[in-house]
Every structure is written in C-alpha cells, then in structure tokens.
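Have a look at the structure below, then the notes.
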Amino acid sequence: MKSLLCTEIGPLDRLSIQDVPTPDPGPRQIRIDVKAAALNYPDALMVQGLYQVKPPLPFAPGSEFAGVVSAVGPEVTRCKLGDRVVALGLGGFAEEAVVDEMRVMPLPPGMDFETGAATFLTYCTSLRALKDCGHLQPGESVLVLGASGGVGIAAIEIAKAMGGRVLAAASSEAKLEACRKAGADATVDYTRQNLRDAVKDFTGGKGVDVVYDPVGGDYSEPALRSTGWRGRYLVVGFAAGTIPKIPLNLALLNERSIVGVYWGESLVRDPAGHVRNVKQLLEWFAAGKVRPMISERVPLGGAVAAMGRMLQRQVVGKVVVLPEA
Ligand SMILES: NC(=O)c1ccc[n+]([C@@H]2O[C@H](COP(=O)([O-])OP(=O)(O)OC[C@H]3O[C@@H](n4cnc5c(N)ncnc54)[C@H](OP(=O)(O)O)[C@@H]3O)[C@@H](O)[C@H]2O)c1
C-alpha cells in the first residue's frame, strides 16, 4: 500500500510516498481503509520535530481520518469489519492505517467520509476551549485570531452556536469573507487595521469577553490588552511561530484569566467531557450549525505541497487528502 512517510525529522521535502507492507492490527487495534484524511497544523509541525508529540520514526502523518474497517485485532469489541468510522490517531496520510480501537468512533449518520475526517480534531479543540476553558456565556463577545484557519472557523461556528458575538481576525479579504460565511458578526484584517480599535468598536469600548488565540506572535499582546473586566484569554497555538512573552500585570488589571487549552491531553484526563462534547457537536451538526469548511481536496501526492501552503499561511478552512484519488 502507499503511504506518506516521515523517515527523518526535518523540512517537508524529506517526506516521501513509499510502498510499504499493509500493517496488521495488534490485539486491541483496528485497520482502516482510509477514504479521507484532513490536514491540521500539528501534522506540519510534527514532521519537522516542532510539536509536543514526537512519534518514533518512521511514521505516516495524518491525525484525523475516516474510512472503512478492513481488519480487527482479536480483542476488539467496539467495531467490526466493514464499519464506517472516524479515527483520531496517526497515519491517516496512507491507503491503510492502524489505530487503537479507543481512538475510533462510528462515522455519524448523515456525514460523508470527507466531513467525518475534517470535523472532530478542530471542532473538539474549539469546543473544549470556548466551553470548558473559556466558559463562554450567551451574549458574550469573542475575538477569534487566525479565524479562517481550521480551528478558527470551528471557533466562529461554535461561539455562534453558544450564543456568542464574534469578531473574526484574519490576514486577507478572501479569508475575512470565509469568516463571514462561517457566521462572524464582524471582521478585522489584523495585518492592516488596528486590532485594539476594532475590538473597541465591536464592544462599545467595553473590551472583549473571550479571546481565542491559535496564532501567538505579535498579535497576542494587543489581543490580551483588548479583553475587558474578567476577560478570558485562551492560549490555543502558535501558528505565527513565536511564543509571546506576556507581562503578567495585564492579568492583574481587569482580573483577566490566561487559560491554556490542550485538547489532546484533555482526551486522556477528561474522557467523559470529550464524550459530552462530541454529543453536543453532533446535535449542532444535525441542526446545520456546524460544518467544516473544506476548501481543497488533494490526492496523497498533494499532501506535502498542501502542508507547505499551510505553513505559508495560504490555506482557508480545511484541506482533505484523498488517498484513493
Ligand atoms: N491547543 C490545542 O489543543 C490545539 C489543537 C489543534 C490545533 N492547535 C494549534 O492551533 C494552531 C492552528 O491550527 P490549524 O490547524 O487551525 O492551522 P491553520 O488552519 O493553518 O490556521 C492557522 C492560522 O494562523 C494564522 N497565521 C498567522 N501567522 C501565521 C504564520 N506565520 N504561519 C501560518 N499561519 C499563520 C493564519 O491566518 P491569517 O493568515 O489570517 O493570520 C492561519 O489561518 C496551530 O498552532 C496548532 O498547533 C492547538
């Protein structure tokens, strides 16, 4: 079978597509015939050794995917041959992938493989952030940075589904248009306009209640300064490449909270919370309130170039890799 393989840590051009033996599942593992896999920023970081998770080499990147169960280990109880499933694990950029059965759930009714592959990592992250970490309340205001990206679009839709008002920040008019399509109430191009002024306009000078920040870099401090009394600032990621150093007096002033979000670890520490959040997402999905914005579909041979575009800030919404195309 064909697999995108990371055989050494380094720049993206070290990745290659190789023919490898079809993997056999262990006792509590299943093998999936991958129909669609979604690209996420952590995939591009992981192959460069820049992510907190460092899998042993060689590995196939691709952390969320959907497909059909093609083999099951002898102790598997959660699924059977032929089931249509979604997996959150590793190895999705390949024709077949093996994962622990605990990392698999049935493909929800009404979801195709592409949507199933492109929904759960980003939407579960953003729901964890806004509900469990940010305690967003109906009527509150939310500033989303990097708002046209994978977790950003999810944050817009979820904040709206929770009754929030959203100001979306992104770096081009095309990206801002995508944010408006996802439901943003207002937008700001933070590469051209003053972010703090935009927040003042949006909140009538009060300051925003919640900031969702997957970007970091130079945007973080003005965003934190834009939060109002008891504002919550959610640290989601550092797509800009630099981890900002923040003066702590900004937390004291306005009794602000700076809250980290680590969805992957929350799966292990709060599995019941994850199950509740997936149930909530499926209700919103059925009601048409959340839906991933898939902007590109590429074959396996296009995955590395798509990672490059993501690192160059050129992707809107989600890219889906189709291993059989
Ligand atoms: N904490 C968690 O549990 C968790 C879970 C999933 C992902 N994450 C993190 O969330 C971040 C975003 O992930 P994603 O999959 O949504 O990525 P994405 O789709 O590429 O979105 C990232 C956004 O960041 C902005 N950006 C600003 N400067 C950038 C730069 N120098 N290079 C690239 N992008 C830049 C871009 O928007 P503009 O061009 O509009 O600025 C881009 O749309 C990543 O850091 C990822 O590791 C965290």
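We did not get these values from a lab; they are worked out from the coordinates using the rules stated. Keep in mind that what you see is a predicted model, and the values were worked out from it rather than measured. Cβ coordinates were reconstructed from backbone atoms using ideal geometry, including for glycine residues, and neighbour counts include every protein chain displayed.
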When the convex hull of the C-alpha atoms of the range 248-294 is computed, what volume per residue in Å³ does it have?
-> 158 Å³
Mind listing which trypsin sites (Lys or Arg not before Pro) in the range 263-294 are in a DSSP loop and have 16 or fewer other Cβ atoms within 10 Å?
-> Lys289
For the range 193-208, in residue order, the Karplus 3J(HN,Hα) values (coefficients 6.51, -1.76, 1.60; θ = phi - 60°; whole Hz; Gly and Pro = x) are 9, 7, 5, 5, 5, 4, 5, 4, 4, 5, 10, x, x, 6, x, 7
Report the extension gain between Ile246 and Asp218 in nm, rounded to one decimal, defined as 0.36 nm multiplied by the number of residues separating them, less their alpha carbon distance.
-> 9.0 nm
Summing -39500 (n - 2.57) over the DSSP H runs of n ≥ 4 in the chain and dividing by its residue number, what mean residue ellipticity at 222 nm do you reach, to the nearest 500 deg cm²/dmol?
-> -8000 deg cm²/dmol
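What does the extension gain come out to for Arg28 and Gln137, with contour length at 0.36 nm per residue minus their alpha carbon separation? List each step's numbers first, then the result.
Values: separation 109, 0.36 × 109 = 39.24 nm, distance 4.04 nm.
Extending this stretch completely gives an extra 35.2 nm.
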For the range 299-309, take each phi angle, set θ = phi - 60°, evaluate the Karplus expression 6.51 cos²θ - 1.76 cosθ + 1.60, and give the result in whole Hz per residue in order, putting x for glycine and proline.
-> x, 3, x, x, 5, 5, 4, 5, 4, x, 5
Against the longest alpha carbon principal axis of the chain, how many degrees, from 0 to 90 and to the nearest 10, is the axis of helix 271-286 turned?
-> 80 degrees
The set of residues whose placed amide H lies less than 5 Å from the amide H of Tyr190, leaving out same-chain residues fewer than 5 positions away, is Ala170
Among the trypsin sites (Lys or Arg not before Pro) within the range 205-250, which fall in a DSSP loop and have no more than 12 other Cβ atoms within 10 Å of their own Cβ?
-> Lys245
Semi-axes of the chain from the Cα gyration tensor (sqrt of 5 times each eigenvalue, largest first, whole Å) come to 35, 21, 17
Please give, to one decimal in nm, the separation of the simple spin-label points placed at Arg297 and Lys181, each 7 Å out from Cα toward the Cβ.
-> 1.5 nm
Flagged links, alpha-carbon separation over 26 Å, of Lys160/Lys206; Lys175/Lys279; Lys206/Lys318; Lys181/Lys318; Lys35/Lys80 = Lys175/Lys279; Lys206/Lys318
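Summing +1 for each Lys or Arg and -1 for each Asp or Glu, what net charge is found among the other residues whose Cβ lies under 14 Å from the Cβ of Val47? Don't skip to the end; give the middle numbers.
Numbers: positive: Arg14, Lys54; negative: Glu8, Asp13, Asp43.
Result for the local shell: -1.
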